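Asks: Pasting in a structure now, in structure tokens, and then I'll have a few things to ask.
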């Protein structure tokens with residue numbers, strides 16, 4: 001399990017930023033994974049089906065699935081151990097960027113552009129499928145490649161069709177947690193959560209045409225599930241590229 005201390009150490013360690021060996025070189029348009037972000041809570045009686053569905057999405061190679069546990073349901077009897085006000089702030093920012101009137105759980109945000117009820121598998125499958133089958137030339141995208149190389153985590157980003165500047169985010173997550181719920185709406189249930197976000201940090205910006213970010217690898221060794229690298233338009237806009245990096249031995 002990643003700890004806040006270890007992830008903060010990663011951020012404090014700083015990033016080495018270098019140009020690519022051949023800046024702006026042409027790259028082929030290849031399919032990129034769709035990012036599915038679930039906003040959920042162990043205190044929400046409607047959320048367990050969405051949590052289970054996210055577990056199925058997490059097993060797919062063409063989807064980056066992330067579960068953000070929010071804190072505004074903690075008052076109804078059960079304090080979610082994975083709730084974080086940072087996650088709630090991200091959801092509220094999506095309310096603004098998506099033009100929604102309210103926030104709710106379970107909410108699934110797809111590629112930072114559209115949302116659906118997280119337990120509505122048909123709606124979410126449709127949104128994911130539309131993006132996976134879309135003409136790559138019609139999709140704003142960047143190619144993101146990341147790996148552990150020579151004792152460092154290296155993320156290489158190349159502009160394929162990005163219309164503006166973007167934030168580069170690192171999202172640390174645990175692969176799986178099982179929790180016995182003792183109070184609240186889900187009292188008596190044994191909940192299974194997948195790809196539980198433990199921390200999210202902005203680690204850089206991308207303005208094109210190409211950049212490599214390098215982070216010392218030591219701070220990543222406590223990660224249980226992995227790190228998702230998201231390249232997202234500023235102000236919580238569309239996500240144009242993503243990849244994941246697993247810790248050693250995973």
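The values are calculated or read from the model by the stated rules, or taken from the named source; none is laboratory data. A quick note: this is a predicted structure, and the numbers were derived from the prediction, not measured. Cβ coordinates were reconstructed from backbone atoms using ideal geometry, including for glycine residues, and neighbour counts include every protein chain displayed.
Asks: May I ask you to list the residues in segment 231-249 that are outside any strand (DSSP E or B) and in contact (Cβ under 8 Å) with a residue 24 or more places away in the chain? First the steps, then the outcome.
Replies: We begin by selecting, within segment 231-249, every residue outside any strand (DSSP E or B); these are 234-238, 246-249.
Those that are outside any strand (DSSP E or B) and in contact (Cβ under 8 Å) with a residue 24 or more places away in the chain: 234, 235, 236, 237, 238, 247, 248.
Asks: If you go through segment 196-212 one residue at a time, do you hit one that is part of a loop (DSSP other than H, G, I, E, B) and in contact with a helix residue (DSSP H, G or I) (Cβ under 9 Å, 6 or more places away or on another chain)?
Replies: For segment 196-212, residues part of a loop (DSSP other than H, G, I, E, B) and in contact with a helix residue (DSSP H, G or I) (Cβ under 9 Å, 6 or more places away or on another chain): absent.
For every residue, the table says whether it meets (1) outside any helix (DSSP H, G or I); (2) over 23 Å from residue 226 (Cβ atoms); (3) in contact (Cβ under 8 Å) with a residue 40 or more places away in the chain.
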site: 52; (1), (2), (3): no, no, yes
site: 55; (1), (2), (3): no, no, yes
site: 61; (1), (2), (3): yes, no, no
site: 82; (1), (2), (3): yes, no, yes
site: 93; (1), (2), (3): no, yes, yes
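Asks: Give 160, 171, 144, 149 a once-over and let me know the one that is surrounded by 13 or more Cβ atoms within 10 Å (Cβ to Cβ) and over 15 Å from the mean Cα position of the chain (by Cα).
Replies: It is 160.
Asks: Tell me which residues, restricted to segment 98-126, are in a helix (DSSP H, G or I) and either more than 17 Å from the chain's Cα centre (by Cα) or without any contact (Cβ under 8 Å) to a residue 60 or more places away in the chain (or both).
Replies: 98, 121, 122, 123, 125, 126
Asks: Since residue 195 meets every condition but one in (1) under 15 Å from the mean Cα position of the chain (by Cα); (2) modelled with pLDDT under 95, which condition does it not meet?
Replies: Residue 195 satisfies all of (1) under 15 Å from the mean Cα position of the chain (by Cα); (2) modelled with pLDDT under 95 except (2).
Asks: Taking segment 35-59, which residues are surrounded by fewer than 22 Cβ atoms within 10 Å (Cβ to Cβ) and touching a helix residue (DSSP H, G or I) at 6+ places or on another chain (Cβ under 9 Å)?
Replies: 49, 56
Asks: On to the next question. Might you check whether a residue that is in contact with a strand residue (DSSP E or B) (Cβ under 6 Å, 6 or more places away or on another chain) and at pLDDT below 85 occurs anywhere in segment 161-173?
Replies: yes
Asks: Still on this structure, I have one more. Against the condition in contact with a strand residue (DSSP E or B) (Cβ under 6 Å, 6 or more places away or on another chain) and either farther than 26 Å from residue 202 by Cβ or in a loop (DSSP other than H, G, I, E, B) (or both), how does residue 146 come out, does it pass?
Replies: no
Asks: Now for a separate question. For segment 124-179, which positions are under 20 Å from residue 57 (Cβ atoms) and touching a helix residue (DSSP H, G or I) at 6+ places or on another chain (Cβ under 7 Å)?
Replies: Within segment 124-179, just 172 meets the criteria.
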